[in-house]
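The values are calculated or read from the model by the stated rules, or taken from the named source; none is laboratory data. Quantities reported herein were computed from a predicted structural model and do not represent experimental measurements. In this analysis, Cβ positions are derived from the backbone assuming ideal geometry, glycine residues included, and neighbour counts consider all displayed protein chains. The protein model used for the area step is the full one, side chains on, heavy atoms only, and it has no ligands, DNA or RNA in it. Shrake-Rupley method; radii C 1.70, N 1.55, O 1.52, S 1.80 Å.
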2 protein chains.
Amino acid sequence: MIDQYRRKFAENKQLFFDQWSEFLRFKSISADSAFAVDCEACCDWLARHVSALGFSVEILRGTGKPILFAQRAGDQSKRRVLFYGHYDVQPVDPVELWQTPPFQPEVRAGRMYGRGAQDNKGQLFYVLKAIETLVKENTLECPINLLIEGEEEVGSKMIAELLPKLKNSLKADVLMVCDTGTLDPSLATITMGLRGIVSCEIKLSGPKYDLHSGVHGGLIRNPATEIARLVASLHNQDGSIAVKDYYTQVATLDEQDRVLANQAPYELERYEQTVGIKPIGGESGYSVAERRGFRPTIEINGIHGGYGGEGGKTIIPSSATVKISSRLVKGQDPAWCIDAIIEHLHQRAPQEMQFTVVSRDIGGPAISLSSKTELVAIARQVLDQVSDGKTIFIWEGASIPIVAELAHSVGAEPLLVGFGLEEDCIHAPNESFSLQQFEKGFLYSALLLRALSQ
Amino acid sequence: MIDQYRRKFAENKQLFFDQWSEFLRFKSISADSAFAVDCEACCDWLARHVSALGFSVEILRGTGKPILFAQRAGDQSKRRVLFYGHYDVQPVDPVELWQTPPFQPEVRAGRMYGRGAQDNKGQLFYVLKAIETLVKENTLECPINLLIEGEEEVGSKMIAELLPKLKNSLKADVLMVCDTGTLDPSLATITMGLRGIVSCEIKLSGPKYDLHSGVHGGLIRNPATEIARLVASLHNQDGSIAVKDYYTQVATLDEQDRVLANQAPYELERYEQTVGIKPIGGESGYSVAERRGFRPTIEINGIHGGYGGEGGKTIIPSSATVKISSRLVKGQDPAWCIDAIIEHLHQRAPQEMQFTVVSRDIGGPAISLSSKTELVAIARQVLDQVSDGKTIFIWEGASIPIVAELAHSVGAEPLLVGFGLEEDCIHAPNESFSLQQFEKGFLYSALLLRALSQ
């Protein structure tokens, strides 16, 4: 059956790529309120696109970016599918490092370049094209709803707010998500776990204004030095987290999970070539797969204080800020974790400075799935066709906090399959997505929905 | 005699302030090459202004910003004066904190607001107006040359390069500099020492591009975290510098200097009110005057890595940078000091990251003067008239590296007197200079040059 969809893809791919490019032109950056209008326009475009596939479409509004909710009834005896995706993208800075403008998509050497090319516009779009193909050939029998939001990159707040009201209309058996990746283009991957996430921004304020570093140097403490000391206090020399009791809630590692996770072929030399640095961070005593899938982290996402322009400026900066996020694993309570981090920093901040919690965000807890269900067996069968039998299971380091919450609310079993690769540079300059991986995603989506329609 | 100059000031002050405003409109920021043209225009304006006072004016060009050199012959039996000043100013960011635009000077509540209002355009300008006044009344008899440069805020490189060639034409007995301050408007101050300065910018590079903090968190070390650890390693818990042997060269503190320095009335409560933070930084065990005048510092002028915009961005930044400067005291060799700082950081940087010395600058060594010379006695007499007998001696924390080098090259005794106050916010947003302090500077300059003309 796969060859039939390969043919259909080949026949339509130019149109698919053109439409995908159109989708990528919207500057749907959710983190920056300057792009609120672009998010609206993007959602409207998507609504028109999905309407044309025979869905009854609704745009949900509330405190944040609009959410697309689209329904298509089917044979109620089949598994009901809820597909979740997001049309919002990460900010683009440092924009000077992009080879072509982030919102002028371009195909080069078999890859689509542009912000969101993979995460999540690209992966979302191959699913839409698979649905369109099945609709046209009249083979899509399972009931399917689409929930496509515009705030995934900033914590999915509005969807979480709407869930209590929505959950009846969202009821499903399968929560299909294509927002993950695979280790190597030759492999297909089912993601068995996602880490949770919490984050905060802390500001340390000292003098009322930037001071001359000669006149004042030695008189007062320096907010930039002090914020660096706070950051340095977060980890021990062995790379472990120094926040008190941070590991207490971490679930004991299941030996079978550990073995399965370590079977995924992490090619460390290739990693170093792609990323440009040896993967020797994190806690000592754990493998790469274990550090990524089963251990929490605290990462500095940004640290800023004082002069950053050309040349020098001999000041003691008035203040300094740090943006921190922490990935959580099975067992850890997000609210406890972010409070513990903030308390750790607050205790160590100089008393004569002002310690401000600029933001405190709870993304959500980690999720961890079972590899023994019928749905996973179906997915594995489909993926074995796409990958010539090379399906693996990974515990992912990233977070899609809303997935855990959605799955729980609507009673569905999540199925996380995606075709992203490290070289896609998601969240970074020059994001791209391989056209071949796009095709694999299309084939997987078409075959899965066919299987669920039987 | 002072009343005569008070009257002349009163008669001309509106004109003086208008011309001073004109001078402040030039965006002569030396740190940013975008303003090179503005520096040229500022120097040209100054050249025309000084020409009109009867000086023979030359603009010296070379690798950097133009230097104004103006000569006025006089009675060669009198002390020859070389006045040194600078027309360049500090950058203006964060520009959003300025109440009025930095280059649109405005008088409010008895103060002139604008970048450079005090440092050094304002203090330089009262000297020019005093010279003008004496020239008009035919009382300026001592030979006087002016050397006004455009790179003081970035290290006076070009003037240092030109010195060997210039020093014969610069020969003088007195090096007059008005680029310092006083503790309180009721006091007049002779600055007996200036700290030296060295600086560097260090970049720590990890991955080739910003990485997703979930996918990669726990695999690699984070450049922002690591640069914070480097910064944190520069000081001990007691505020002292942790760089090996950094205090070895520091000259033993002269007891008489210590007593004299501690006589200057530092009002710590007023400091806290003005600056907004308690002066409890630096090394424990030393007074404020001692920490500022006799102890070296290492200050972070800027630390930057990763996302700094609105909201969050869950990345591991590709790199992070830090701008560091160190104030030096009597005895310390600048080249040894900056190399020791860089070596300290390099040794502690993660080996898998790239450690780049973006810049390494040697400002110059500290200088320390004698309070027993005839020149200081003359200056004190003049200042006692301006301040009703309240002249004090301070060892300053700031640096004017070129002053030590100039004094040595041209064989002159430096005389450092200035009327700046902490509330002037030099190097910071909303820089300003009190019109009353400007008048005092005018009176001091006129009376000093009259005394030197006798």
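Taking segment A:212-236 as the range and being among the hydrophobic types (A, V, I, L, M, F, W, C), at the interface with chain B (Cβ under 7 Å from one of its Cβ atoms) and either open to solvent by less than 10 Å² (accessible area, probe 1.4 Å) or under 20 Å from residue B:226 (Cβ atoms) (or both) as the test, the residues that pass are A:219, A:220, A:224, A:228, A:231, A:232.
Checking the stated criteria, residue A:181 turns out not to satisfy the condition of being more than 9 Å from chain B (Cβ to nearest Cβ) and closer than 23 Å to residue A:364 by Cα.
Scanning segment A:361-374 turns up no residue that is in contact (Cβ under 8 Å) with a residue 60 or more places away in the chain, among the β-branched types (Val, Ile, Thr) and under 28 Å from residue B:302 (Cα atoms).
The listed residues are B:138, B:168, and the only one of them that is surrounded by fewer than 21 Cβ atoms within 10 Å (Cβ to Cβ), on the phi > 0 side of the Ramachandran plot and out of contact with any Leu (no Cβ under 8 Å at 6 or more places or on another chain) turns out to be B:138.
Of the strands (runs of 3 or more DSSP E) lying entirely inside segment B:67-132, those containing at least 3 residues that are open to solvent by 10 Å² or more (accessible area, probe 1.4 Å) span B:106-108. Within segment A:152-171, does at least one residue satisfy the condition of being of a type outside the set (S, T, N, Q), over 24 Å from residue A:357 (Cα atoms), assigned to a loop (DSSP other than H, G, I, E, B) and in contact with a Ser or Thr (Cβ under 8 Å, 6 or more places away or on another chain)? Scanning segment A:152-171 turns up no residue that is of a type outside the set (S, T, N, Q), over 24 Å from residue A:357 (Cα atoms), assigned to a loop (DSSP other than H, G, I, E, B) and in contact with a Ser or Thr (Cβ under 8 Å, 6 or more places away or on another chain).
Taking the criterion of being open to solvent by 80 Å² or more (accessible area, probe 1.4 Å), of a type in the set (Lys, Arg) and under 26 Å from residue B:451 (Cβ atoms), the residues of segment B:1-51 that qualify are B:6, B:7, B:13.
Taking segment B:429-439 as the search range and keeping residues that are over 23 Å from residue B:94 (Cα atoms) and open to solvent by 10 Å² or more (accessible area, probe 1.4 Å), which one is farthest from the other protein chains (Cβ to nearest Cβ)?
Of everything passing the filter in segment B:429-439, B:439 is farthest from the other protein chains (Cβ to nearest Cβ).
In segment A:273-289, of all residues being within 7 Å of another protein chain (Cβ to nearest Cβ) and crowded, with 19+ Cβ neighbours inside 10 Å, the one that is farthest from residue A:396 (Cα to Cα) corresponds to A:277. Of the residues making up segment B:440-454, those that are open to solvent by 20 Å² or more (accessible area, probe 1.4 Å) and either small (Gly, Ala, Ser) or part of a loop (DSSP other than H, G, I, E, B) (or both) are B:451, B:454. Here residue B:253 fulfils each of the conditions (1) surrounded by fewer than 18 Cβ atoms within 10 Å (Cβ to Cβ); (2) at the interface with chain A (Cβ under 10 Å from one of its Cβ atoms); (3) touching a Phe, Trp or Tyr at 6+ places or on another chain (Cβ under 6 Å) apart from (2).
Report, by residue number, each residue of segment A:160-170 that is among the charged types (D, E, K, R) and either modelled with pLDDT of 95 or more or out of contact with any helix residue (DSSP H, G or I) (no Cβ under 6 Å at 6 or more places or on another chain) (or both).
A:161, A:165
Within segment B:358-401, the set of residues being among the aliphatic types (A, V, I, L, M) and out of contact with any helix residue (DSSP H, G or I) (no Cβ under 6 Å at 6 or more places or on another chain) comprises B:358, B:366, B:369, B:375, B:376, B:377, B:379, B:383, B:392, B:394, B:398, B:400. All of (1) more than 7 Å from chain B (Cβ to nearest Cβ); (2) open to solvent by 20 Å² or more (accessible area, probe 1.4 Å); (3) assigned to a loop (DSSP other than H, G, I, E, B); (4) modelled with pLDDT of 95 or more hold for residue A:295 with one exception: (1). Hey, could you check segment B:337-389 for residues that are within 30 Å of residue B:233 (Cα to Cα) and among the charged types (D, E, K, R) and say which is least open to solvent (accessible area, probe 1.4 Å)? The selected residue is B:352. Residues in segment A:184-197 that are aliphatic (A, V, I, L, M) and away from chain B (no Cβ under 11 Å) were compared, and the one that is surrounded by the most Cβ atoms within 10 Å (Cβ to Cβ) is A:188.
The single condition among (1) touching a residue at least 40 places away in the same chain (Cβ under 8 Å); (2) out of contact with any strand residue (DSSP E or B) (no Cβ under 9 Å at 6 or more places or on another chain) that residue A:198 does not satisfy is (2).
I want to confirm something. Restricting to segment B:201-210 and keeping residues that are in contact with a strand residue (DSSP E or B) (Cβ under 9 Å, 6 or more places away or on another chain) and at the interface with chain A (Cβ under 7 Å from one of its Cβ atoms), which single residue is surrounded by the fewest Cβ atoms within 10 Å (Cβ to Cβ)? Of everything passing the filter in segment B:201-210, B:207 is surrounded by the fewest Cβ atoms within 10 Å (Cβ to Cβ). Each residue in segment A:350-367 was checked for being more than 12 Å from residue A:337 (Cβ to Cβ) and touching a Pro at 6+ places or on another chain (Cβ under 8 Å), and 2 pass.
When B:89, B:95, B:127 are checked against the criterion of being in contact with a Ser or Thr (Cβ under 9 Å, 6 or more places away or on another chain) and within 14 Å of chain A (Cβ to nearest Cβ), a single residue qualifies: B:89. Every residue in segment B:52-66 that is touching a residue at least 24 places away in the same chain (Cβ under 8 Å) and either of a type in the set (Gly, Ala, Ser) or open to solvent by 50 Å² or more (accessible area, probe 1.4 Å) (or both), please. Across segment B:52-66, the qualifying residues are B:54, B:62, B:63, B:64.
Among the residues of segment A:256-271, is there at least one that is surrounded by fewer than 23 Cβ atoms within 10 Å (Cβ to Cβ) and among the small types (Gly, Ala, Ser)? Checked segment A:256-271: at least one residue is surrounded by fewer than 23 Cβ atoms within 10 Å (Cβ to Cβ) and among the small types (Gly, Ala, Ser).
The number of residues in segment B:390-428 being open to solvent by less than 10 Å² (accessible area, probe 1.4 Å) and over 17 Å from residue B:160 (Cβ atoms) comes to 11. Tell me, yes or no, whether segment A:328-336 has at least one residue that is at the interface with chain B (Cβ under 7 Å from one of its Cβ atoms) and not acidic (Asp, Glu). No.
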